[in-house]
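Everything below concerns the one structure shown next.
The values are calculated or read from the model by the stated rules, or taken from the named source; none is laboratory data. Just so we're clear, the structure is a prediction, and the values are computed from it rather than from any experiment. Please note: Cβ atoms are built from the backbone with ideal geometry, for glycine as well, and neighbour counts cover all protein chains shown. Just the protein is used for accessible areas: all its heavy atoms, side chains included, with ligands, DNA and RNA removed. Shrake-Rupley method; radii C 1.70, N 1.55, O 1.52, S 1.80 Å.
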Protein chains: 2
Amino acid sequence: METLDTVPDEDFLRLDHQICFSLHAATRAFNGVYREALKELGLTYPQYLAMLVLWEHGELPVKGIGERLRLDSGTLSPLLKRLEAAGYVERRRSPEDERSVTVRPTAEGAALKEKARDVPRRIAAATGLDLADIRDLRERLDALAVRLDSVDPDDLYVCR
Amino acid sequence: METLDTVPDEDFLRLDHQICFSLHAATRAFNGVYREALKELGLTYPQYLAMLVLWEHGELPVKGIGERLRLDSGTLSPLLKRLEAAGYVERRRSPEDERSVTVRPTAEGAALKEKARDVPRRIAAATGLDLADIRDLRERLDALAVRLDSVDPDDLYVCR
DNA sequence: CGCGATTGAGTTGTGCACAACTGAATCGTG
DNA sequence: CACGATTCAGTTGTGCACAACTCAATCGCG
């Protein structure tokens, strides 16, 4: 049987070139399609993700957004500042905990949700996949991400 | 039956949040694992991809690398300059076509291939997937990327 | 041959991702 | 209460992705 241990290194260098490369390419392809679909809203794809969680939760601290999107403050702070400059969110120091900053959509930001309503459907149609395929792929990717996020760095050096 | 047209918008806003978000998250998780695995080689993941195609082809014009990695000169030029500064590749204007720049691994760059030999296997082990799963996932992602890359921007505005 | 169109690499500017850090607020334990 | 540890947001610096552009070399058609 063909397993991880019976394939020659040379083949692996190619396979490898393909698995995560495919992931990389698919992500970038998605970005391209979103860039196009979001152009009229004046949002980038990561900004759109941030607005999605804010539309769903109403208001969140920066940390809460970061947990949901798995992004740290180094990425979020400037991103949220741009959303604030665009007039879509407002940021306020939390009164209960002065370390925390609460982010919430402005009226304009909330209105944007309506304009964004049909974006997902258009994207889904562009993938050419049906709901079951999308769901299946999503589950595999989530499992993969969880697994990769929990890899102990040391294990990368002792290949079993 | 449940299809793209029978699911309410609200559900879609969540599903959407999940499919491409999952892809995004998986890509970043992979990047993290590669970052760790490539640290000792002094390469970033995109630099590693560039070295992979150069190891395979010996030498290529910038354009050739770009076609294989689907990256344009705006991304590759600085990346290759950094690889040159690191001593891993050399760039030379092609004599036959002075517009073209030929990139090839230096001796040091070629030697790096040996040090990189077991990276793919370690990454594959970290995914926890077997060969068949990897292959299947890769095929789906490739098909998805091809489909997304060929989307006509206008189709994004008329949902079917 | 000559000249406009195309091609290839590079530059500039914007935005994201992340590591490493700062500084202030808060927490927890003695 | 006090003080060291932790938490949170933000900043800085590096690198990637991509759009829009420049400029030189080459192509191809009249």
(message) Out of the residues in the stretch B:88-116 meeting the condition of being among the basic types (Lys, Arg) and more than 13 Å from DNA strand C (Cβ to nearest atom), tell me which one is surrounded by the most Cβ atoms within 10 Å (Cβ to Cβ).
(response) B:LYS113
(request) Within the stretch B:70-87, work out how many residues are open to solvent by less than 30 Å² (accessible area, probe 1.4 Å) and more than 9 Å from DNA strand C (Cβ to nearest atom). (result) 3
(request) Evaluate the following for B:VAL119: is it open to solvent by 10 Å² or more (accessible area, probe 1.4 Å) and either touching a Phe, Trp or Tyr at 6+ places or on another chain (Cβ under 7 Å) or β-branched (Val, Ile, Thr) (or both)? (result) no
(message) Quick test for you: out of A:GLY58, A:GLY66, pick the one residue that is within 12 Å of DNA strand C (Cβ to nearest atom), more than 8 Å from chain B (Cβ to nearest Cβ) and out of contact with any His (no Cβ under 8 Å at 6 or more places or on another chain).
(response) A:GLY66
(message) Quick check on the stretch B:93-122: of everything there that is of a type in the set (Lys, Arg) and in a helix (DSSP H, G or I), which residue is farthest from the other protein chains (Cβ to nearest Cβ)?
(response) B:LYS115
(request) Working only within the stretch A:54-83, note down all residues that are over 13 Å from the mean Cα position of the chain (by Cα) and more than 9 Å from DNA strand D (Cβ to nearest atom). (result) A:LEU54, A:TRP55, A:GLU56, A:HIS57, A:GLY58, A:GLU59, A:LEU79, A:ARG82, A:LEU83
(request) Test B:ARG140 against the criterion of being open to solvent by 10 Å² or more (accessible area, probe 1.4 Å) and within 19 Å of the chain's Cα centre (by Cα), and give yes or no. (result) yes
(request) Test B:GLY109 against the criterion of being within 16 Å of DNA strand D (Cβ to nearest atom), closer than 18 Å to A:LEU23 by Cα and at pLDDT 95 or above, and give yes or no. (result) no
